[in-house]
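Read-outs throughout are calculated quantities, based only on the coordinates presented, and are distinct from any laboratory measurement. The structure presented is a predicted model; accordingly, all values stated were derived computationally and were not measured. Positions of Cβ are backbone-derived with ideal geometry, glycine not excepted, and every protein chain shown enters the neighbour counts.
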Amino acid sequence: MKVLVIGDVIIDKYIYGTSTRISPEAPVPVITYIEEKETRGGAGLVYENLKSLGVDVEMYDTLEDHSVKTRIICDGHYITRIDEDKDADSNAVLQRIKQADFSAYDIVVLSDYDKGTLDNAKKIIKHINKFNCKVIVDPKRYAHDYEGAWLVKPNNSEYTKFEFDEWQGNIITTDAGHNVSATIDDKEYTVPVNNLEVADVTGAGDCFMAAFVYGLTKGYTHKKCLEVAVKGSTESVKHAGTYILKQEDVEDTVVFTNGVFDILHIGHLKLLRHAKTLGNRLIVGINSDSSVKRLKGDLRPINGEDTRKESLLELGFVDEVVVFEEDTPLQAITKLEPDIIVKGGDYTFDTVVGNHLAKVVIFPTVEGHSTTRIIDENINNRT
C-alpha cells in the first residue's frame with residue numbers, strides 16, 4: 001500500500017544549554033549554549049515516522065518556508081518555546097491539489113496544524129475521494145470541515161471543542177495517557193494505555209497517527225492497528241524531543257518455547273530467561289496432562305497443567321502460557337506466529353518443530369539438570 005501525507009510541516013528546533021547562575025538583570029537563568037538540533041514536526045513528523053517504519057510513503061509539501069517552534073532546554077529542563085508562524089496560501093494549495101492525480105495512493109493522511117495548508121479541507125477531501133483513497137485526518141478545526149474523510153483522530157480536547165460528537169463516520173479519540181476509544185466500521189474499540197513514562201509529549205499524536213497507518217498498510221485488524229498506535233505513541237513520550245519510531249517500537253518480537261515443565265529446575269530457568277532477552281514477548285507452550293501421559297507414561301505429569309501454567313506465569317519474564325493438547329506444538333506455533341523459537345541443546349535445527357515457521361535458537365543444555373533425572377533420583381530411587 002502506498003501512502004501520501006499532506007499537511008502543515010513544522011520545524012521543531014531544540015537549543016540545549018547549561019546554567020550555573022542567575023542573571024543580575026532578572027530572576028532567570030543565564031544559559032550557556034551547548035548545541036541545537038532540528039527535525040521536521042507536524043505533517044513532516046508523520047512522514048518521517050512512516051518512512052522509518054518502512055512504509056511506501058510520499059510527502060506533499062506545500063511550503064518552502066515553514067513555521068518553526070524553538071524550544072530552549074537547560075540542563076534537561078524545558079525552559080520556554082518561541083514560535084515563528086508562517087501560513088500557507090490555502091487557495092494556491094487547493095488549486096494545486098485539484099489538479100493532482102491521487103490514483104497511485106491507497107491512503108492519504110491530512111495532518112492539520114491550522115497553518116493554512118488545509119483551510120479548504122472539505123474541498124481537498126472531495127477531490128481525493130474521486131480516486132478511492134482512504135482519507136485519514138488529524139484535525140485542528142470543526143468536524144464538518146472534514147466531511148467525506150474515512151476516519152478522523154481528534155484528541156479529547158479537540159473532540160469537545162470542534163464538535164466531533166456529531167461525527168457520523170469512523171473516529172479515534174485519544175486522551176493524553178488514558179484509554180484510546182474508537183469506532184471503525186460500526187464496531188467500537190477501547191485500548192488501554194499502560195506503563196506510561198513521560199519525558200516529553202512533543203509529537204506523540206503524530207507518532208500515534210503514523211503507527212496506526214503503518215498497521216493498516218500491514219493488513220492488521222483495526223484493533224491491532226490501534227494497539228500498534230498506542231504502543232508507538234507510548235514509546236515516543238519516553239524520549240526528550242521529537243522522536244522517530246523504529247519498527248521494534250511498534251512490533252512485538254514474539255519468542256516461543258515449549259515443553260512439559262513438570263518440575264521447574266535451573267536448566268528451565270536459564271533457558272526461559274535467555275529466551276526473554278531475544279524479544280519483548282515470551283510465550284511458553286506446555287503439553288496438556290493427557291498429552292504428557294501419552295508421551296511420558298501414566299505416572300506423569302507430577303504437576304497438573306494448571307499448576308505448571310501458574311508456576312511459569314509467576315516468573316516475571318514469562319508473558320503468556322498456552323496449553324496444547326497435541327503431542328507437538330505445531331498447531332500452537334502456526335496460530336501464534338512467533339518470530340523466534342527457542343529450544344534446549346538436546347535439539348538440533350532439524351528436530352525443532354516449526355523450524356520452517358520462525359527463526360530457531362538453540363540454548364545450550366545445563367548439564368546435570370532435567371526433570372527425568374530429578375524424578376529418578378528423588379522419587380523412583382526411594383520406592
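Checking every one of the GluC sites (Glu not before Pro) in region 305-372 against DSSP loop status and a limit of 10 other Cβ atoms within 10 Å picks out 314, 367. Among the chymotrypsin sites (Phe, Trp or Tyr not before Pro) within region 184-234, those in coil by DSSP and having at most 15 neighbouring Cβ atoms inside 10 Å are 220.
Based on alpha-carbon centroids, what's the gap between region 201-231 and region 245-269 in Å, whole number please? Here the answer is 25 Å between Cα centres. Taking every alpha-carbon pair under 8 Å whose residues sit at least 6 apart, region 76-179 reaches a relative contact order of 21 percent. Once C-alpha pairs closer than 8 Å and six or more residues apart are averaged by separation and normalised to the residue number of the chain, the relative contact order reads 11 percent.
Is the C-alpha gyration tensor of region 207-347 telling us rounded, prolate or oblate? Criteria: a/c under 1.5 is rounded; beyond that, a/b larger than b/c is prolate, otherwise oblate. Prolate. In the P(r) worked out for region 1-142, what percent of Cα pairs fall beyond 18 Å? Here the long-distance tail beyond 18 Å is 61 percent of all Cα pairs in region 1-142. About its Cα centre, region 254-382 has a charge dipole of approximately 240 debye under the convention of +1 per Lys or Arg Cβ and -1 per Asp or Glu Cβ, with nothing else charged. Which helices count as membrane-span-like in the chain under these terms: full DSSP H, at least 15 Å along the axis by C-alpha, Kyte-Doolittle mean of -0.5 or more? Result, helices passing both filters: 204-217, 266-277.
Applying the criteria of a DSSP loop state and at most 11 other Cβ atoms within 10 Å to the GluC sites (Glu not before Pro) of region 182-256 yields 197.
This model, with +1 at the C-beta of Lys and Arg and -1 at the C-beta of Asp and Glu, gives the chain a dipole about its Cα centre of some 580 debye. Mean projected area of the Cα convex hull of region 203-249, taken over all directions, amounts to 2.8 nm².
A viscosity of 1.306 mPa s and a temperature of 10 °C, combined with the Kirkwood radius over C-alpha pairs in the Stokes-Einstein formula, give region 102-181 a diffusion coefficient of 124 µm²/s.
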